[in-house]
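*Asks:* Right, I'll just put the structure down here and ask away after.
Throughout, read-outs are computed from the coordinates displayed, never taken from laboratory work. These figures come from a predicted structure and were not determined experimentally. With ideal geometry, Cβ positions are generated from the backbone for all residues, glycine too; neighbour counts draw on all protein chains shown.
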Amino acid sequence: MFSAFYTIRRWSLTTSIVMTIFGAFSNAFAAGPPGTIPEETSFLSENDKAMTTMMDDMSIKPTGNVDQDFVAMMVPHHQGAIDMAQAELRHGHNEQLRRIAQEIVVEQQQEIVAMRLALGQPLPSSAPAADQQTTGSTASPTKSMPPNGMDMTMPMSMPKEQ
């Protein structure tokens, strides 16, 4: 029991240190170097927000249940990957990277669902992704949708357990 707690705590501390260092570098470039285009500035801002949210949401108070604590930390981690991939879909132009970003969205959502189901937690309702049209939208695929035209995105943020 104590070993699992210390392992989770050590992992959390290590992750926090690495992300703090990464955050320092991303903050240094958030405004962008001279000549940065507004689209890149917007991307960097969204990415920084996703990283900050992820790190804040991963900081949990241990419950004594290793499985629950693992999921409580992994869901925000996966949601952070989804948020960053969606920023790429909104701002990126490289089709190969856009396909990878779409795969990240789908795969990370599936893993979040699997973890929640393993613990018997309720799943959130499905909603359009931030990069999808929401008003008057038809089922026609958009640039960021997979080739089959199915929108497989849904929000996966989980309330922080106290």
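*Asks:* At a 10 Å Cβ-Cβ cut-off, how would you order 117, 89, fewest neighbours first?
*Replies:* Starting with the residue having the fewest Cβ neighbours, the order is 117, 89.
*Asks:* Now for a separate question. Length gain on complete extension for the stretch residue 94 to residue 113, per 0.36 nm per residue less the alpha carbon to alpha carbon distance?
*Replies:* Working it through step by step, the gained length comes to 4.0 nm.
*Asks:* Note down the nm distance, to one decimal, between modelled labels 7 Å out along Cα→Cβ at residue 53 and at residue 39.
*Replies:* 2.3
*Asks:* Within a 10 angstrom radius of the beta carbon, how do 37, 82, 104 rank from fewest other beta carbons to most?
*Replies:* Least crowded to most crowded, the residues run 37, 104, 82.
*Asks:* On to the next question. Can you figure out the FRET efficiency of residue 65 with residue 103, using R₀ = 30 Å and their beta-carbon distance, to the nearest 0.05?
*Replies:* 0.45
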